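Reading through the structure tokens given below for one structure.
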Amino acid sequence: MKRPSSKIREEIAKLQDQLKHAETREAERIGRIALKAGLGDFEIDETELQAAFEDVAKRFRGGQGSDRKGREGASSTGKSETASVSASAAQGSGSEA
């Protein structure tokens, strides 16, 4: 049985609301972690910070980040690599924190 378009629109609206709430929860979680790591103390250009986060995301997905220089010697726990990404992101010269 086919559903009327109004029901489909209602379902889409509910899903968009669920997505918005899920993204807010994820952003708050990542924000708390970033603050605990000390990223709130630096003025970091948003594009540089996003690039650093993308490198971290690639690492956790099993791929390689775009800037692997100097990180080959990172420990198997990943702490050295994460610190390296955070340190390189902290060197940004933008005005956003």
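Using mean Cβ contacts within 10 Å as the protection proxy, how do 41-53, 24-36 order, highest first? Could the numbers behind the result be given before it?
Details: 41-53: 15.6, 24-36: 10.7.
Going from most to least packed, we get 41-53, 24-36.
Once fully extended, how much extra length lies between GLU54 and GLN16, figured as 0.36 nm per residue of separation less the alpha-carbon to alpha-carbon distance?
Values: separation 38, 0.36 × 38 = 13.68 nm, distance 2.45 nm.
Answer, rounded to one decimal: 11.2 nm.
Would you kindly state how much longer the chain becomes between ALA37 and SER5 on full extension, computed as 0.36 nm times their sequence separation minus their alpha carbon distance, in nm to one decimal? Could you put the intermediate results ahead of the total?
Working: separation 32, 0.36 × 32 = 11.52 nm, distance 4.72 nm.
Between ALA37 and SER5, full extension yields an extra 6.8 nm.
None of the figures in this text is laboratory data; all of them are computed from the coordinates on show. Predicted model only: the values in this text are computed from it and were never measured. Glycine gets a Cβ as well: all are built from the backbone with ideal geometry, and neighbour counts include every protein chain shown.
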